[in-house]
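Working notes for the structure below.
Coordinate-derived values only; no laboratory data. Being a predicted model, the structure only gives us computed values, none of them experimental. Using ideal geometry, Cβ is built from the backbone for each residue, glycine included, and neighbour counts are taken over all protein chains shown.
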Amino acid sequence: MIIGVGIDVAEIDRFAASMERTPGMAGRLFVEHELLLPSGERRGYASLAARFAAKEALAKALGAPAGLLWTDAEVYVEDSGRPRLRVRGTVAARAAELGVRSWHLSLSHDAGVASAVVVAEG
């Protein structure tokens, strides 16, 4: 059963400018693992903007309640290349309240825009 669906887009240049202007923003939005590629290099802004869009889409799929922490949702990539969500804390509590058992995530970035779709399934 579908419990919620969320979609979000982020303009990559605008997101990058915000990240540059506010150095502490990365730590408020992402866990360390999300900021780095498997090689240990820092992810580019297009990839980070897509991850931010995923967190926004996830909040929408949960009904956009107040009090969710950005770092309580983590985007990671399986060895197969499939993006996945890992939730904890405030996000996991809201998901449990709604009966969410699994997540589906799609990310994209092209033509200066990053996008994400999240489906919460019970």
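Computed quantities for the displayed model
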item: Per-region count, region 6-41, residues within 21 Å of Glu78 (Cβ to Cβ) and exposed (fewer than 12 other Cβ atoms within 10 Å of the Cβ); result: 7
item: Any hit, region 75-90, residues being touching a helix residue (DSSP H, G or I) at 6+ places or on another chain (Cβ under 7 Å), of a type in the set (A, V, I, L, M, F, W, C), part of a helix (DSSP H, G or I) and under 23 Å from Ile2 (Cα atoms); result: no
item: The listed residue being touching a residue at least 60 places away in the same chain (Cβ under 8 Å), on the phi < 0 side of the Ramachandran plot and in a helix (DSSP H, G or I), out of Ala16, Ala95, Ala53; result: Ala53
item: Number of positions in region 98-122 that are touching a residue at least 60 places away in the same chain (Cβ under 8 Å) and either hydroxyl-bearing (Ser, Thr, Tyr) or in a strand (DSSP E or B) (or both); result: 10
item: Residue under evaluation Gly4, criteria (1) farther than 20 Å from His109 by Cα; (2) touching a residue at least 60 places away in the same chain (Cβ under 8 Å); (3) assigned to a helix (DSSP H, G or I), criterion not met; result: (3)
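Okay, residues lined up against (1) surrounded by 14 or more Cβ atoms within 10 Å (Cβ to Cβ); (2) basic (Lys, Arg); (3) closer than 24 Å to Met1 by Cα:
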residue: Lys60; (1), (2), (3): yes, yes, yes
residue: Ala64; (1), (2), (3): no, no, yes
residue: Leu69; (1), (2), (3): no, no, no
residue: Glu97; (1), (2), (3): no, no, yes
residue: Arg101; (1), (2), (3): no, yes, yes
residue: Asp110; (1), (2), (3): no, no, no
